[in-house]
Every structure is written in C-alpha cells, then in structure tokens.
Amino acid sequence: MPDHSSIWRFRQLLNTENLLEPLLEQINTHLEQNSIIVALGSINIIDATVIEAKQSCKRKGKDDNNTQDPKASYNVKTAADGKRKTTYGYKMHANTDEDGFVKKMSYTPGNVHDSQEFDKLLDTYKTKDKIKTCGKSTPIVLMPTKRTMKRSASKTTKSCIEPTETNL
C-alpha cells in the first residue's frame, strides 16, 4: 500500500491535468454497468463543506509576498447556537447518492453560496424529482414535513421540494 504522500502527489497530478472529473465519471459508469450503484431514479444528496486555507491572515513571507491564498475567500456560517463562525478557505460541493457514492464534485472559493453550484451537480437526466436546499434567493415551494428528534417527540421542519409533474 502506498503512503499518503504518494497518493497525494498522484491526486495533485490528476488535478493539474484535469483528469479527476473524467476519472470519477468513468468509475461511476463502471459501477453502474456492474449494478453496484443504481443510476436511474436514485436520490441526489447535495451539500457543501468548508475547507480552511492554511494561511487565513495577511502576512508577508520571506520574499515580501503575501502568504494568504489569493483564490480563497471568507465564509460565514451560523451555528445551531446562533453564533457566527468565519473561516477563510474553499468549499467542496458534492452530489452523493443515498449509499454515499460520490456522483459529482466541485470546488469554489468560500464565499460562493451552495445554491450557485446546485444545477452543475444535479444529475437532471437521471433524477426523478428535483429537490433543492433552502437558499435565500431560491424560488421554490416549501412543504412542511415531520421529523423525529431525540430530545422532543417531533418537530415540523421545512423541506424544499421544487414542484414537478410527478409530485403535484
């Protein structure tokens, strides 16, 4: 088994040659052909995670260059307790199925809203119903659903389901 630095260098090489996306598509096609993952009618789970950049403060390096990553940007996220957390870095947006298989991925600066990458990540030709996250500017119908919580019996939450011919 190769060590982590060998895998990292190989992944960096794939990334610089723009081969990561075609490789992921080829792997998913192979998994679909061998009935390991279901292609048609599968569920799309689309979410993003923040990846912090190494240097978040503007500092001068040895050669008087800025050490802050110029392609990264600030992301502000409100936690469950109401506190705001600011991070400097990137976002990794991913589309997975219900079993956790990654269908598509994209990386953006941290200030890009999750809804901006939604249409790029969604497998529209393989998806039965279109479901979106609740973004501020997303024109969708909110439908109440019930979900069970550990501390309380049940709470009503809002689910973002875009109306289609099949769910109207």
Q) Once label points are set 7 Å from the Cα along Cα→Cβ at both Met1 and Met105, what is their separation, rounded to one decimal in nm? A) 1.9 nm
Q. For Ser6, Ser106, what's the fewest-to-most ordering of other Cβ within 10 Å of each Cβ?
A. Ser6, Ser106
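All of the numbers you see were taken from the coordinates with simple rules; none came from a lab. Nothing here was measured: the structure is a model prediction, and the numbers come from that model. Please note: Cβ atoms are built from the backbone with ideal geometry, for glycine as well, and neighbour counts cover all protein chains shown.
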